[in-house]
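The values are calculated or read from the model by the stated rules, or taken from the named source; none is laboratory data. All values reported here derive from a predicted model rather than from experimental measurement. Heads up, the Cβs are rebuilt from the backbone with ideal geometry, glycines too, and the neighbour counts pull from every protein chain shown.
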Amino acid sequence: MTEPHPAPQQDPVIAALIDLHCGLDRQGPGDTGFSQQILAQLPPLPPNPQIADLGCGSGVSAVLLADWFKTTVRAVDFSRDFLAEAAQRAERLGLQDRIHWIEADFGALDWPLGELDLLWSEGAAYNLTFAGALAAWKPLLKPGGLAVISELSWCTEDIPIPAQAYWQQAYPAMASEADNIQTAISQGLEVLGVERLPAEAWWTNYYHPLQAKIQSLGHSPDPVMQSVIQETQAEIALFEQYSDAYGYSAYLLRRL
Ligand SMILES: C[S@@+](CC[C@H](N)C(=O)[O-])C[C@H]1O[C@@H](n2cnc3c(N)ncnc32)[C@H](O)[C@@H]1O
């Protein structure tokens, strides 16, 4: 097992983010129906496919993949707390034997190269940047292997200034769908499609439960948690106003 560098539990901001997101169904925007639509349009995988979910969080997509393909899935996250929740989820669904939970840094996986038939990652690639994630993960795919990676993306050329200013600080590498497509092509990946997550899915599946969790935490005495909550509330307020300008897009890719 690869050791995460550094262990996320040791970074106070990441530890507060993990605390804030523990107990939630999702740690980022996503939707099971949307994922199923993507799975339904993928080219068929070979028998006994090798599948990995990178940045699996509390496991919502790992269990979907295990159930959809009726096979074993490797699910990677560097948060032990999320992996514990994910394992409980799999247990509840009777899928515990189909998922191999791996506590590791997904930017430094020491797996054999060219092994995966499907690499799935929802809302996590930004930790390496989209280009960095493709560079790190493409070698793990077999030639012809598929990747489905969701990434925060601009979906207009006319980006409102407040949204631009916020994301310039929070995620300077954020790019447009068109630029991300070019990035994928330049790295030797075929783009099979790009699907944008509907804004309602952000609210129903992520922001509303997150707002409820913030309420339940009350006034945390921890200044790091206070600042993480403030930052989260600013992010939510921004999306409320500018969800036409950006969103999560799933990039359906194939290694050439
Ligand atoms: C926004 S959450 C998305 C989680 C889940 N895929 C979902 O959609 O609910 C990003 C996840 O990536 C994990 N993560 C971030 N950087 C990582 C790294 N370098 N290695 C492994 N996991 C990482 C976080 O712990 C978190 O669970």
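Key figures for this structure:
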quantity: Search result, residues across region 160-178 that are of a type in the set (A, V, I, L, M), away from the ligand (no atom under 16 Å from the Cβ) and part of a helix (DSSP H, G or I); calculated: Ile161, Ala163, Ala165, Ala178
quantity: Options Ala163, Ala173, Ala212: the member that is in contact with a strand residue (DSSP E or B) (Cβ under 7 Å, 6 or more places away or on another chain) and either among the acidic types (Asp, Glu) or under 25 Å from Leu17 (Cβ atoms) (or both); calculated: Ala163
quantity: Top-ranked residue in region 73-95 [being surrounded by fewer than 17 Cβ atoms within 10 Å (Cβ to Cβ) and closer than 29 Å to Pro43 by Cβ; ranked as nearest to the ligand (Cβ to nearest atom)]; calculated: Leu93
quantity: Residues being farther than 15 Å from Gly247 by Cβ and touching a residue at least 12 places away in the same chain (Cβ under 8 Å) - total across region 159-169; calculated: 1
quantity: Hits in region 115-131 - residues which are near the ligand (Cβ under 9 Å from one of its atoms), assigned to a loop (DSSP other than H, G, I, E, B) and touching a strand residue (DSSP E or B) at 6+ places or on another chain (Cβ under 8 Å); calculated: Glu122, Gly123, Ala124
quantity: Verdict on Thr156 being loosely packed, with under 15 Cβ neighbours inside 10 Å, modelled with pLDDT of 95 or more and among the hydroxyl-bearing types (Ser, Thr, Tyr); calculated: yes
quantity: Answer from Thr183, Thr232 - the residue that is farther than 22 Å from Leu54 by Cβ and out of contact with any His (no Cβ under 8 Å at 6 or more places or on another chain); calculated: Thr232
quantity: Ala250 vs. criteria within 16 Å of the ligand (Cβ to nearest atom) and touching a Lys or Arg at 6+ places or on another chain (Cβ under 9 Å); calculated: yes
quantity: Residue identified as part of a helix (DSSP H, G or I), free of Cβ contacts under 8 Å to residues at least 40 places away in the same chain and of a type in the set (A, V, I, L, M, F, W, C) among Ile181, Ile229, Ile185, Ile214; calculated: Ile185
quantity: Hey, Asp97 more than 19 Å from Ala136 (Cβ to Cβ) and modelled with pLDDT of 95 or more or not; calculated: yes
quantity: Some residue of region 188-198 being within 16 Å of the chain's Cα centre (by Cα), assigned to a loop (DSSP other than H, G, I, E, B), hydrophobic (A, V, I, L, M, F, W, C) and surrounded by 13 or more Cβ atoms within 10 Å (Cβ to Cβ); calculated: yes
